[in-house]
Structures are given as structure tokens and as C-alpha cells.
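Engineer: So that we are looking at the same thing, I have put the structure below in C-alpha cells.
The values are calculated or read from the model by the stated rules, or taken from the named source; none is laboratory data. Keep in mind the model is a prediction, meaning the values are calculated, not measured. Cβ sites come from the backbone with ideal geometry, for glycine too, and all protein chains shown count toward neighbours.
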Amino acid sequence: MVMAARHGIHNPYEWMKRSKKLPIENTIRTCRFFAGEMTQQALAEKVGVTRQTILAIEAGRYSPSLELAFLIAHAFGKPLEEVFHFIPPEEPEKVEEPEAITQDQPHE
Amino acid sequence: MPPDGKLNSVNRMNREERYSWISLATGAIIFFIYLRSVSGLVAAGRFGIPETSGTFLWIIGLVIGIEIITAILLAVSGRILDEGKVEKDERDRQINLKAYRVSHYAILGGVNLAILYGLVYEGFWTGEAGRIPATFLLFHALFAVLFISHLTFYGSRVILYRLSL
């Protein structure tokens, strides 16, 4: 709750939703647009899921199974990586270690 | 079929989510009625098998009746909202599995509490826990644990649907 207030979100439910970041992004909305404004229901029926699942995937709140991801990409006639993108987690900055002192180096 | 951008909260839910909400609400009401009737039996000092089985049977009857009414209502609402042919998919199955896991912990917690209570309070087993017989106490404690796990299952499903897993 304190964290939510710090982020300016006073509804805990909304905070829980926002804090759940998935590492996969998608371009389904754009793909539907270029497929002649295909509706979510039409896409759902094409790939055999409910419209709510398409809605959740599109909003980035649900990661589909590999099979479903392939089916969605196939429905648009595109390769998987054009529809779904993996966002790698941010790596911590590497601290450069000082070079080890070897015996060859002259001593003072 | 409403256009994508103009959905209200009811038709944003799929059949399984609506079922979870209804089951949670009706389950909570039945549990409340059950607790009231059991506390009535305790207050009246009626711990016999006819009273206990009578309460148990009408609760079971109520649950079955509500299940039938819910199924009919969901089928009708599905037709009105024109949801398509798919009623359940991989997301529903994943949510189900997660909710089962949570309700499993509820059962574990309840049973362990009963065991702990039995260990701490000897009268629980010998039938001297106040004036309530042990069989009556044990029967209703286990029934309540099952009921609470049922509520936990549908509560978890509702939360997982709202968070979308």
C-alpha cells in the first residue's frame, strides 16, 4: 500500500495489476488493424480461445503458451518474432575489478 | 457483439469468470446460513444424528439447486452476449490450477488447525469440549474446512481473473 501511494496509485487492485510486468510485448493490436480491423472476437475464434484471453494478451497481462503464440502469428501470416518480442531483464552494471598485481611488476 | 472499445465490466468477463463470481457469492451466503443453523443447534443443545444430517442434507440440496440455476443463467447469458463457441481455454485452465493450489493450502491449514486444537485441548477428542460432543464438533469442523476451501478456490479464481493470472 505504501509502495502504491508512492507511485501515486491509491487503488491497491490497480497497483497489483501495474506491478505485474511481463517480459513479452506484442503487436497484436497493430496486426489486427492491418488485417482489415479484425475484431478480437474474430481472432479468438480463429485461434480457438475466448475473446477475454486475446484482450489479456493484447494488454500484456497474460503470456500465451508457445502453441497459442504460434497460432496467433499464423493467423496474421507473420513469423512469431514479428508479433511477439521478448524484453530481456535489465542486467546490473558490471563493476570493473582492478587488475591483479603480478610478480613481474616492479615493487617499490 | 459490442465493438472492442465499448465493453462494460460484465461482458468483459468470460463464462468461467462469471461462474466464479456467482459461486463465490452464493457460496458465501450458503456458508453464512449454515453457520447460523449450526449455532442454532448448539444453542438448543441438539447434537443428535437426525439434526446434524438434516442440516447437512438441506445444505447439500441448496448447493445442487443453486448449481442448476447458475448453469441455466450462464447458458442464457452466454447466448445473449454472443460469446462465440469457445467456453474454456488455456488461460482458464491455468487459473483453475492456481486456484486449486490455493484451496489445497486452505484445506491443509484447516486440517492442521484441527489437529493442533486436538493436541492442545484433550476435550476435543473425548467429547468434553464444553458440552458439545466430539463427533458433532469434528463433523462440522471438517465440513467448514471443506466449505472454506471451496470459497477460497472461487475467491482465488476471481482475483486471478481480475489480475489476468
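Engineer: Do we find that B:Gly84 is without any contact (Cβ under 8 Å) to a residue 24 or more places away in the chain and either away from every other protein chain (no Cβ under 14 Å) or under 16 Å from the mean Cα position of the chain (by Cα) (or both) in this structure?
Structural biologist: Answer is no for this residue.
Engineer: Given the conditions (1) under 16 Å from the mean Cα position of the chain (by Cα); (2) modelled with pLDDT under 85; (3) of a type outside the set (Gly, Ala, Ser), and given that A:Val2 satisfies all but one, which numbered condition is not satisfied?
Structural biologist: (1)
Engineer: Kindly evaluate B:Glu90 against the criterion of being at pLDDT 80 or above, under 29 Å from A:Thr53 (Cβ atoms) and of a type outside the set (Gly, Ala, Ser).
Structural biologist: When the stated conditions are applied, B:Glu90 passes them.
Engineer: Got a sec? Which of A:Ile101, A:Ile72, A:Ile87, A:Ile24 is within 14 Å of chain B (Cβ to nearest Cβ) and modelled with pLDDT under 95?
Structural biologist: That would be A:Ile24, the only listed residue that is within 14 Å of chain B (Cβ to nearest Cβ) and modelled with pLDDT under 95.
Engineer: Residues B:Ile80, B:Ile33, B:Ile107: which one is farther than 22 Å from B:Thr152 by Cα, β-branched (Val, Ile, Thr) and either at pLDDT 90 or above or out of contact with any Gly (no Cβ under 9 Å at 6 or more places or on another chain) (or both)?
Structural biologist: Going through B:Ile80, B:Ile33, B:Ile107 in turn, the sole match is B:Ile80.
Engineer: With B:Gly45, B:Gly27 as the choices, which residue is in contact with a helix residue (DSSP H, G or I) (Cβ under 8 Å, 6 or more places away or on another chain) and more than 13 Å from every other protein chain (Cβ to nearest Cβ)?
Structural biologist: Answer to the selection: B:Gly27.
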